[in-house]
Amino acid sequence: MNWEKYYDLYPVNKELIWLNNCGTTPTGKPILDSVKNFLDAYSQKGIFTEVEKYVQLKKNISETIANLISASPDEIGIVHNTSEGMNFLSHEFCFEKDDEILLMENEYPSNVYPFEHWQSHGVKLKFIPLADNPEKFFHNLVTTVTKKTKLISISLVHWCTGMPLPITQIGEYCKSQNIELIIDGAQGVGLVPVDVKKMNISSMVFPAWKWLLGPLGLGVIYNKKENLEKRIPIFKGQNSVINADEYLPYKSDWKKGADRYEYSTSSMSDWVYFKSSLNMLNEIGFQNVQNRIYELVDYFGVLLKENGFEISKDNFSEKTGILSVTKNGLDLNKKIQTLKDNGIICALRLGRIRFAPHIYNSKEQFHKVIEVLTRR
Ligand SMILES: Cc1ncc(COP(=O)(O)O)c(C=O)c1O
């Protein structure tokens, strides 16, 4: 694989060393070209342009995502972000007083706030204590569950430490206890293998702009067929119903698939962006993409350890693309500022520096990072 090609396709490499790809990702040239082409055509023929058509775009995005996570395209809807998708899911349930929803300690707010409204109905939100390895986390989860637990909503990969959660094991356990499992896939989809059926994931939501290199403000909701058959969304808009393009008379039949969550006019240019990033990754092969990210992280991890840094990923049983690092005696706030002043973009999370490379980064860039990190 010619990875240099992807280095060259990302203009950000001329300006910065972008190692915050589990935060947001800059635009690559093929994506820029697709969006430019679309907007050019849109300026000439508006919605009648043949360059991109809504139905085809939708098909392309949902089929690629469905293949990636082993779902059916009908179970995939395009939303705006994780918070929106989680709110959709949360409001579809019928919990009773004293039922329990389990979330993860220090979870990203998008997988916490959408469930808070349940507290006013007497439903308890409980937090599974964090752990520094998957085995301990599973133990913490099992010991937090009670007979009242109805739902667990947790991340695929932890957003601060980069730890892949043991979802297959958790999914099996949830199935045996009749507990519904929702996954926030933000930090994991595109980075770690996901099979929603094998993992017993009931629903999942994730944004486009991290490992999938898509646009800000688009996300994906997966909801399994059985859920779509028995629940309806909290929002109903022009596009929620069968035969939506015939505006009158009003319709009562919901769309059968997860496209019911695309409740009204969508942002076509963002969809074009997303289709383009997904096509690029699909052409490389998602497995190759994941392996390249692991290779970069392993390479960087060795350099960091040689220079006295401690890295969290050494405690994990599965591969990750996120390095959470620290070093005794290092002033992390000062260091992160120095990194930024030197054009190196990363994040400070839970008292550690978080680096997340993607396929367009190069190994040479890590040497520059080490030089700045170890500079006195
Ligand atoms: C675990 C997790 N969930 C969700 C998100 C993004 O949330 P939203 O899509 O609502 O902006 C992030 C972003 O960093 C995240 O780390």
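Which of rounded, prolate, oblate describes segment 173-226, given a ≥ b ≥ c as roots of the alpha-carbon gyration tensor eigenvalues and a/c under 1.5 marking rounded, otherwise prolate only if a/b is larger than b/c? Please report the intermediate quantities before stating the final value.
Details: a/c = 2.85, a/b = 2.06, b/c = 1.38.
Prolate, because a/c is 1.5 or more and a/b exceeds b/c.
Connecting C-alpha atoms closer than 10 Å in a GNM of the chain, tell me which of Asp341, Asp74, Asp259 has the biggest fluctuation.
Sorting by GNM fluctuation, first place goes to Asp341.
What aspartates and glutamates sit close enough to Lys53 to cross-link, taking a C-alpha to C-alpha distance under 20 Å and skipping anything fewer than 8 places away on the same chain?
The qualifying aspartates and glutamates are Asp33, Asp40, Glu63, Asp74, Asp245, Glu246, Asp259, Glu262, Asp270.
Fewest Cβ neighbours within 10 Å first, please rank Val145, Val123 accordingly. Before the final figure, lay out the partial values.
Working: Val145 17, Val123 21.
Exposure proxy ranking, most exposed first: Val145, Val123.
With a/c under 1.5 counting as rounded, go ahead and sort segment 18-127 into rounded, prolate or oblate using the C-alpha gyration tensor (a ≥ b ≥ c being the square roots of the eigenvalues; past the cut-off, prolate if a/b is larger than b/c, else oblate). Walk me through the intermediate numbers first.
Details: a/c = 2.75, a/b = 2.07, b/c = 1.33.
Prolate, because a/c is 1.5 or more and a/b exceeds b/c.
Using the structure shown, select from Lys45/Lys224; Lys124/Lys224; Lys124/Lys335; Lys29/Lys334; Lys29/Lys197 the pairs with a Cα to Cα distance greater than 31 angstrom.
Check vs 31 Å cut-off fails for Lys45/Lys224; Lys124/Lys335; Lys29/Lys334; Lys29/Lys197.
Can you tell me how much longer the chain between Thr146 and Leu303 gets when fully stretched, taken as 0.36 nm per residue apart minus their C-alpha distance, in nm with one decimal?
Numbers: separation 157, 0.36 × 157 = 56.52 nm, distance 4.43 nm.
This chain segment gains 52.1 nm when fully extended.
Per the Kirkwood formula on distinct C-alpha pairs, the Rh of segment 265-366 is how many angstrom? Don't jump to the answer; show the numbers that get you there.
Numbers: mean 1/r = 0.0645 Å⁻¹.
So the Kirkwood estimate lands at 15.5 Å.
For segment 38-282, give me the percentage of DSSP beta bridges that are antiparallel, rounded to the nearest 5 percent. Write out the running numbers ahead of the final one.
Numbers: 11 of 28 bridges.
If I count the DSSP bridges inside segment 38-282, around 40 percent turn out antiparallel.
Where in the chain are the helices, taken as whole DSSP H runs, whose Cα atoms extend 20 angstrom or more along the long axis and whose Kyte-Doolittle mean reaches at least -1.0? Could you put the intermediate results ahead of the total?
Values: long enough: 29-45 (24 Å, -0.55); 54-69 (23 Å, 0.16); 268-284 (24 Å, 0.02); 286-306 (30 Å, -0.09).
Membrane-span-like by this rule: 29-45, 54-69, 268-284, 286-306.
Can you tell me the equivalent ellipsoid semi-axes for the chain? Use √(5λ) from the Cα gyration tensor, largest first, whole Å.
34, 29, 16
Restricting everything to alpha-carbon atoms, can you work out Rg to Rh for segment 127-224 with a Kirkwood hydrodynamic radius?
Values: Rg = 13.3 Å, Rh = 13.8 Å.
Expressed as Rg/Rh, it is 0.96.
Report, in listed order, any pair from Lys230/Lys275; Lys198/Lys230; Lys136/Lys210; Lys319/Lys340; Lys313/Lys363; Lys150/Lys236 with a Cα-Cα distance greater than 20 Å.
Numbers: Lys230/Lys275 30 Å; Lys198/Lys230 22 Å; Lys136/Lys210 27 Å; Lys319/Lys340 27 Å; Lys313/Lys363 18 Å; Lys150/Lys236 26 Å.
Where the Cα-Cα span goes over 20 Å, the pairs concerned are Lys230/Lys275; Lys198/Lys230; Lys136/Lys210; Lys319/Lys340; Lys150/Lys236.
Where a number appears in this text, it was derived from the coordinates with a stated rule and is not lab data. Note that this is a predicted model, so its numbers are computed, not measured. FYI the Cβ positions are ideal-geometry reconstructions off the backbone, even for glycines, and counts take in every protein chain you see.
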